[in-house]
Amino acid sequence: MTDEAEIPEDHPRHDSLVTRHRIEDGVDRGITSRQGLIAQGRGEAFDYLLGEQTIPRADDAERAAAAALLLADHPVLSVNGNVAALVPEELVEIADAVDADLEVNLFNRTEERMAAIADHLREHGAEDVKGLAADAEIPGLSHERAKVDQDGIYEADVVLVPLEDGDRAEALGEMDKTEIVIDLNPLSRSAQVASIPIVDNAVRAVPGITSHARNLADADAATLREIVDEFDADAALAAAEDAIRGGELE
Ligand code: ATP
């Protein structure tokens with residue numbers, strides 16, 4: 001299959017095929033790593049069991065994430081090769097809705113892939129893309145995996161990390177940031193260490209957060225704070241695990 005448009009709209013697995021195609025295309029274009037294909041496969045399995053839908057607790061998490069991002073002094077959205085291939089336009093939209101920076105942040109960092117992702121985001125409307133300076137390090141990680149921008153993730157108070165590796169999610173959490181993680185596996189370390197874990201497909205979660213952020217645009221700080229404080233990470237993870245283990249497939 002070479003073109004997304006060739007996937008018939010009425011195909012019962014249309015959305016899943018489009019997603020898969022975008023990742024394949026990302027690999028061909030040097031945006032997504034080969035490991036990204038494996039991550040995609042793992043994600044698909046969890047999403048299948050969730051019924052490929054945003055469960056109510058994930059929607060609550062997306063609302064809490066929107067509130068946390070709106071409250072932040074310096075929010076940063078971390079972008080890897082999978083999300084860049086899947087939702088480039090939606091990343092630019094969410095950055096705009098919550099006034100956050102986009103920072104390319106790769107587990108398997110190569111200068112070529114960093115540049116390809118930054119270009120891809122710019123083609124989709126991003127003006128400023130961080131991550132290329134790499135002038136700071138997340139403490140507790142080996143040199144290559146630790147690299148971030150000083151005026152980006154390093155200094156951010158709230159970071160959104162879709163599909164982060166567990167070690168790095170843990171190290172970021174220890175930097176005293178509010179960490180929002182999007183991960184379809186509620187048992188992954190990334191989801192477990194997040195202040196706000198969102199167990200949902202990034203394809204739905206990123207626009208989901210944006211839509212909540214737009215609805216909350218006029219809310220005062222006290223209302224936003226209450227939404228964040230009321231969110232219960234353990235309950236959200238438990239609800240996702242219940243849905244995956246016990247859900248009825250149609
Ligand atoms: P951890 O170290 O956090 O336990 P891991 O290193 O085992 O996790 P990877 O193999 O790197 O995890 O896989 C990345 C994670 O991203 C998987 O948990 C997978 O479910 C999730 N994932 C893949 N695609 C998506 C997607 N589109 N949306 C949300 N999550 C996804």
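We did not get these values from a lab; they are worked out from the coordinates using the rules stated. Source: prediction; values computed, not measured. Every residue, glycine among them, receives a Cβ derived from its backbone with ideal geometry; neighbour counts consider all protein chains shown.
Averaging over all projection directions, find the projected area of the Cα convex hull of the range 78-157 and quote it in nm² with one decimal place.
Computed as one quarter of the Cα hull surface, the answer is 5.0 nm².
Diffusion of the range 103-250 by Stokes-Einstein, at 4 °C in a medium of 1.567 mPa s and with Rh set to the Kirkwood radius over alpha-carbon pairs, works out to 77 µm²/s.
If you take every DSSP beta bridge whose two residues both sit in the chain, what share of them, in percent to the nearest 5, is antiparallel?
So the antiparallel bridges amount to about 10 percent of the total.
Expressed in whole Å with the largest first, what are the equivalent ellipsoid semi-axes of the range 113-190 derived from the C-alpha gyration tensor as the square root of 5 times each eigenvalue? Walk me through the intermediate numbers first.
Working: eigenvalues 91, 52, 28 Å².
Ellipsoid semi-axes (Å, largest first): 21, 16, 12.
Taken along its three principal axes, the alpha carbon spread of the chain comes to 45, 42, 34 Å, from the longest extent down to the shortest.
For the range 1-129, the pair-distance distribution built from all alpha carbon pairs, in bins 10 Å wide starting at 0, is 12, 36, 39, 13, 0 percent. Fully extending the segment from ILE38 to THR110, taken as 0.36 nm per residue of separation minus the present Cα-Cα distance, adds 24.1 nm. Less than 5 angstrom separates the built amide H of GLU137 from those of VAL148, all sequence-distant by 5 or more or on a different chain. Summary value for the range 56-246: 27 percent relative contact order, contacts being C-alpha pairs under 8 angstrom separated by 6+ residues.
For ALA97, what is the net charge nearby, where nearby means another residue's Cβ is under 11 Å from its Cβ and Lys, Arg count +1, Asp, Glu -1? List each step's numbers first, then the result.
Working: positive: ARG214; negative: GLU90, GLU93, ASP96, ASP99.
Once positives and negatives cancel, what remains is -3.
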